[in-house]
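Quick notes on the structure that follows.
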Amino acid sequence: MNGKENIDQLLRRFMTGTDAAQAAREIRAGDEVFRTHPAPEISADLLHSIQLRAAAQLKREQVHRRAFWGSAAAVAAVALLTGIYWLTAAKPSPSARRTYVASTGVDLLSKLKLHDAMLSTMDAELTDLAKSMNEVQKDVPYHEDCLSIDLLELEELELLASNTDFWKG
Amino acid sequence: MQPVNVYSQEKQPTDEQLELDRLILRCKKGDPQAFDELVKRYSNRCYAYFYRLTGRPDQSEELLSELFVRLVRKIRSYVDGSFEKWMFTIASNLFKDSLRKQYRQKRLLEEKAELLAQNEGSPRQCPELFDKLQLAMEKLDRETAEILNLRYYSQMSFKELAEARKEPIGTTLSKVHRGLKKLRMIMDEL
């Protein structure tokens, strides 16, 4: 019908030679019915109104597309500016970075000094503790509280000796 | 049976095809004159397709107008292949959509039958009623009527038609053959 295909050959792929020829004839006769009974054609007014409607739709599409790309460009510009801001303004400049490093160094030094002072204090305390230990080892009472504790321990030992059932409660 | 290449002509684009390609390219670029040409070129065929399916000039005009609005909206999505196949697939979907909305379709056909009985021999009042093919078409089932109209007015090949309908070519061939036979039988009876 439309010259795009050979119906006889196409039908022969599905039918035997005689059946295919018969079917081809019937299809052509059917097409002839359409040809001899043309559908009404559209009026010039209708054609014009459809063309106008299509043109209006085209205009609308173009406006939408322009608006879309305009918005997309605005969003891209905002993203770009934000990126630039983060890369430049939010990130410290080299001089600011130098100041930061210097101040960090000063902080570190003062902390080290503080730690040194704490260490020397602890060192002095440890030295005192060592001295005290030496004195204890030499049986030299160096404090009254130590003596009172020794006496309590003696009393306890005496009690244990006098009452052997003490441990039973 | 040896396979035969029945579509050898498709490989060589004709002048008409090249002209159509250029027209579509212009449409894609948003040239309003190209759309005017496209409307002029296809409006009668598309109108006939809708008219044969609906049997109503007013509804066919509406569908035709809507079809071209959709074409303007979707033309950028057409990439390759048969333009007719692409366009008539949209037309077919449009018709099916309208059918879904048209819950009164059956009643309208009944009204038309009543009109036919009342207006014997007055073609000026309702010309579509006196188109024998149209009457026969209305006696066919919807699917058969659609496939016959789609094939004739879109001028698609059986291969393209089968692709558009997403069915094997043998099935399409058989449906068209049986449909045309039935149509002729109905017309003989009228």
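Every read-out reported here was derived from the displayed coordinates using simple, explicitly stated rules and does not represent laboratory data. Nothing here was measured: the structure is a model prediction, and the numbers come from that model. Glycine also receives a Cβ, built like all others from the backbone with ideal geometry; neighbour counts cover every protein chain displayed.
In table form, for the structure just shown:
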read-out	value
Distance between the range A:21-77 and the range B:12-54 - C-alpha centres, whole angstrom	7 Å
Karplus (6.51, -1.76, 1.60) ³J(HN,Hα), θ = phi - 60°, over the range B:86-102, in Hz, Gly and Pro reported as x	4, 5, 6, 5, 5, 4, 5, 5, 4, 5, 5, 4, 5, 5, 4, 6, 8
Mean separation of Cα contacts under 8 Å (6+ apart) over length of the range B:15-189, as relative contact order %	23 percent
Averaged over B:16-29, number of beta-carbon atoms from partner chains that fall within 10 Å	0
Number of partner chain Cβ atoms within 10 Å, mean per residue of A:44-52	5
Residue exposure sequence - B:ASP58, B:ASP131 - by fewest surrounding Cβ within 10 Å	B:ASP58, B:ASP131
Set B:LYS28/B:LYS181; B:LYS28/B:LYS139; B:LYS112/B:LYS182; A:LYS4/B:LYS101; A:LYS4/B:LYS181 screened for pairs whose C-alpha atoms are more than 32 Å apart	B:LYS28/B:LYS181; B:LYS28/B:LYS139; A:LYS4/B:LYS101
FRET efficiency, A:SER103 to A:LEU129 (Cβ-Cβ, R0 45 Å, nearest 0.05)	0.70
Other protein chain Cβ atoms within 10 Å, averaged over every residue that makes up A:11-20	3
